[in-house]
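Here the structure comes first, spelled out in structure tokens, and everything after it is commentary.
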Amino acid sequence: MDYAFVNAVNYWNGKVQTVLLLYDINCQYHKNLRSRIDTSKFLTLADGTKIYFGIGLFHVHGHQDVCFCRYAPSFIPGAGQVDGELIETLWVPLNEASGSTRAMSTAYRQESLDMIMNDSNWKKMVRLVEALVRKYQKTYLGLLEARQSHTLLCENDVIRKHRKDWEKQVKKALDAREQDMKNIGEMNIYDTDTEKLPGKAVVTFRLVSEETGLTVGRTEWLTEGLHIQETQLSVSTFARKMGRNPSLEDETSLVQQRNRLQIRIEDFQIAASQYLPDGVKFDWDDSPLHDTQWDVIDELPEEENADVIDIVALLPEKQPINLPSSLIEDFSDMDHPRLTTLMKKELQLREGQANDALNDLRLAVSQRSVLYRTTVRHARNYDKNTRAHAQVRTMSATIGKASRVYSLARKAMKALGAPKKLLEKYKELSPADLKADTSAVDFNARGTRHANLSWIWSVASDDEPKEMLEMDRVNFIRSMARLARWEEEEEMLRCEAKWARRFFKYQAERWTQRGENASGGGRAYAMKKVDMWETFAGGAEKAIARMERLQKSITEELADIEEEADEEERY
């Protein structure tokens, strides 16, 4: 990899001083690259070569969360709207040839693959001009939408107040990236920095670390019980929302989910005898599992085949889980040290489970509120309205899932005899707490003067809506990055069209010179090549003119739409 990269850069003899390297594992690869080059006898880079390290969008989502802000092309200056996954796009045509190449010898296989790639490259060049025009049309529309969205965002008084400070943070982070990635952690500003209460994973780690001797395994068993209950919630919701006429694929998926869940439940119940004393009785209240109040969060147009049905059979998602929170006996009357320890541990795990659910709720409610303000309100035709509502439904499903998990956790905390102060902190959740109003994203919107944020925002922020300020900050700086990438993409496409024209003319001139030095059939072949390259150059010239016309027509069309919308609002 080092050899290939260094030689690719040196191919330009120092003319290229800034390089964008997109590699699947750049978060680790870049750390010792400079030292490896410095100590190598065969690798050298020109002084002053600046390298931007990134990870393609397909792979970066499989990394840790921090890798997205640090290495995604979306936040790298000069990257434009690139996904960084060029090689993967060639898999489809190569897969079609795999049937033939499988039985070939090594040499023949290499020649065949080279031929396929040469054919692919030729098709790209022939279709380059039309592809640039189509891409430019999409890019210019994206640029105008990003510019309009950023302008609306900047009208927020909260953003106006903090804008200069946030722009300084962005400049500091980008400067840190340019300093050979030494302070790449500064790029974390592109993600939320809200301090979270300890979630279930943190509590589990703490409890497991404290276990010794005979107590080893109790936390793992309790955690598995909580995981099973969360899975029961998901399976139950899936079964209810399948509709009365589900597809064969949905029915197969439901059966598979139930089979896997049943195996986990049986293993858990067998293990319960190791940790729970004999003779205890359980009372399984399955109301949180089929609580339909979280199935419909928003009053949106119903989707086809989205009927909600009731489940009454004792299926895996309805079966009781023998956890301490399911005991019938009054906890104060039970004098059993082992059971008391299990109750305390489950209470701590339930608190972590509630914190995780609230964190998911805050993020989803904020994103849904942003969608209402920036997407749903500005959807002026059927297609945009449909897409906007689909996005809202996705966020509402996330909210519904987190709401069920939180309700289950709080019910268990109450059953475990949680202190009154703890139950006051984790209040009972209601649909009104999840309302997607503009007070969650715009403190100065009309009608929100006396609006109060839901209690879910005060659990982790000492009654101050810091999360919303953090959401505004992240939305603003990401909007800046998004607009910058669209501007870069638009400029690069213009340049690419001019580069293509220059390349075609250069090739025509080369074949003209060859024709002058040839005779007979060689001269005729050269003239044919000259005609081909001049045709390509003429197409590139027309493409540049079409880009200018597209820019003008799109701008005028959007201006007419805005004018019509203003007139409709007036009347």
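The values are calculated or read from the model by the stated rules, or taken from the named source; none is laboratory data. Keep in mind the model is a prediction, meaning the values are calculated, not measured. With ideal geometry, Cβ positions are generated from the backbone for all residues, glycine too; neighbour counts draw on all protein chains shown. Areas reflect the complete protein model, heavy atoms only, side chains present, ligands, DNA and RNA absent. Shrake-Rupley method; radii C 1.70, N 1.55, O 1.52, S 1.80 Å.
Observations
- The residues of region 9-33 that are open to solvent by 60 Å² or more (accessible area, probe 1.4 Å) and in contact with a strand residue (DSSP E or B) (Cβ under 9 Å, 6 or more places away or on another chain), listed by number, are Q17, T18, L20, Y23.
Okay, residues lined up against (1) within 29 Å of S366 (Cβ to Cβ); (2) of a type outside the set (A, V, I, L, M, F, W, C):
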residue: E178; (1), (2): no, yes
residue: L226; (1), (2): yes, no
residue: Q229; (1), (2): yes, yes
residue: L248; (1), (2): no, no
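- Some residue of region 158-179 being surrounded by 14 or more Cβ atoms within 10 Å (Cβ to Cβ) and outside any helix (DSSP H, G or I): no
- Single residue of region 520-536 satisfying the filter (of a type in the set (A, V, I, L, M) and under 52 Å from the mean Cα position of the chain (by Cα)) that is surrounded by the fewest Cβ atoms within 10 Å (Cβ to Cβ): M532
- For region 25-77, the helices (runs of 4 or more DSSP H) that sit wholly inside it and include 1 or more residues that are at pLDDT below 85 are 57-60, 65-71.
- In region 214-265, residue nearest to the chain's Cα centre (by Cα) [restricted to those that are part of a loop (DSSP other than H, G, I, E, B) and of a type in the set (A, V, I, L, M)]: M242
- Test: residue in region 509-526 that is of a type in the set (F, W, Y) and either assigned by the TED database to the domain that holds L141 or not in a helix (DSSP H, G or I) (or both): yes
Per-residue answers, yes or no, for (1) open to solvent by 70 Å² or more (accessible area, probe 1.4 Å); (2) modelled with pLDDT of 80 or more; (3) in contact with a Lys or Arg (Cβ under 9 Å, 6 or more places away or on another chain); (4) not hydrophobic (A, V, I, L, M, F, W, C):
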{"residue": "R446", "(1), (2), (3), (4)": "yes, no, no, yes"}
{"residue": "R449", "(1), (2), (3), (4)": "yes, no, no, yes"}
{"residue": "S454", "(1), (2), (3), (4)": "no, no, yes, yes"}
{"residue": "E467", "(1), (2), (3), (4)": "no, no, yes, yes"}
{"residue": "M492", "(1), (2), (3), (4)": "no, yes, no, no"}
{"residue": "C495", "(1), (2), (3), (4)": "no, yes, no, no"}
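- Top-ranked residue in region 26-71 [being among the hydrophobic types (A, V, I, L, M, F, W, C) and more than 20 Å from the chain's Cα centre (by Cα); ranked as nearest to A481 (Cα to Cα)]: I51
- Within region 122-157, restricting attention to residues that are β-branched (V, I, T) and open to solvent by less than 20 Å² (accessible area, probe 1.4 Å), the residue that is nearest to N475 (Cα to Cα) is T139.
- A search for C-beta distances below 9 Å between a residue of region 169-180 that is over 12 Å from P77 (Cβ atoms) and any residue that is open to solvent by less than 40 Å² (accessible area, probe 1.4 Å) and outside any helix (DSSP H, G or I), counting only pairs 6+ apart in sequence or on different chains, returns D180/I51.
- Complete set of residues in region 84-99 that are more than 14 Å from D24 (Cβ to Cβ) and open to solvent by less than 80 Å² (accessible area, probe 1.4 Å): L90, P93, L94, A97, S98, G99
- Some residue of region 181-189 being more than 30 Å from Q353 (Cβ to Cβ), in the same structural domain as I554 (by the TED database) and free of Cβ contacts under 8 Å to residues at least 12 places away in the same chain: no
- Search result, residues across region 100-121 that are part of a loop (DSSP other than H, G, I, E, B) and exposed (fewer than 10 other Cβ atoms within 10 Å of the Cβ): R102, A103, S105
- Subset of region 235-252 [among the acidic types (D, E) and surrounded by fewer than 11 Cβ atoms within 10 Å (Cβ to Cβ)]: E249
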